[in-house]
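Below is one structure, written out as structure tokens; comments come after it.
Read the figures in this text as sums done on the coordinates, not as results from a lab. Predicted model, so just to flag it, every value in this text is computed and none were measured. Virtual Cβ from ideal backbone geometry, glycine too; neighbours counted across all protein chains shown.
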Amino acid sequence: MEKIASFTINHLNLLPGIYVSRKDNVAGNVITTFDLRVTRPNYEPVINTAEIHTIEHLAATFLRNHSEYGDKTVYFGPMGCRTGFYLILAGDYESKDIVSLMKDMFAFISSYEGEVPGASARDCGNYLDMNLPMARFVAKRYLTEVLENIGEDRLVYPD
């Protein structure tokens, strides 16, 4: 069986950033999958489930309500390895195209106060597994340490 493309990325050289993971053609339309790498794989601790779950709820809400990207958002969710997230947008994009969107989204998450959208037994299958203070911490760290001064080395997968 052939190894899928995402398993061919050298995770030992992968830094937190925004990467185009893949582009697919679906019924004549391009969709772009982004790898939003929040922690450095195999070097830093992974994001705890409560934080990653909270970020997922806040980011999905932010994206689906965004004036420009709301109707282009196909999916936002955590990676199984818990080092980041996948964002799938309808359209043909490069990493640099969504830097501003990611800055706005992670600023929103890092300063969010109040009830987490969808954090109820009626709306979520694991609503008790949420940690807003730590989600805000993770989002602020990614915003200030990665997104605010992101360079080309964090926008294109390393060799």
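The table that follows gives values for the structure above.
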{"read-out": "Residues that are free of Cβ contacts under 8 Å to residues at least 24 places away in the same chain, surrounded by 13 or more Cβ atoms within 10 Å (Cβ to Cβ) and either at positive phi or in a loop (DSSP other than H, G, I, E, B) (or both), drawn from region 63-76", "value": "72"}
{"read-out": "Which listed residue, of 119, 107, is among the aliphatic types (A, V, I, L, M), more than 17 Å from residue 36 (Cβ to Cβ) and surrounded by fewer than 20 Cβ atoms within 10 Å (Cβ to Cβ)", "value": "119"}
{"read-out": "Test result for residue 129, surrounded by 13 or more Cβ atoms within 10 Å (Cβ to Cβ) and either free of Cβ contacts under 8 Å to residues at least 24 places away in the same chain or outside any helix (DSSP H, G or I) (or both)", "value": "yes"}
{"read-out": "First in region 10-37 and surrounded by 10 or more Cβ atoms within 10 Å (Cβ to Cβ), second anywhere and in a strand (DSSP E or B) and of a type in the set (D, E, K, R), Cβ under 6 Å, 6 or more apart", "value": "16/37; 17/37; 19/35; 21/35; 30/23; 31/24; 32/23; 33/22"}
{"read-out": "Candidate set from region 77-111 (those that are in a loop (DSSP other than H, G, I, E, B) and of a type in the set (Ser, Thr, Tyr)); member that is farthest from residue 23 (Cα to Cα)", "value": "111"}
{"read-out": "Output for region 26-58, where each listed residue is in contact with a Gly (Cβ under 9 Å, 6 or more places away or on another chain), among the hydrophobic types (A, V, I, L, M, F, W, C) and within 17 Å of residue 7 (Cα to Cα)", "value": "36"}
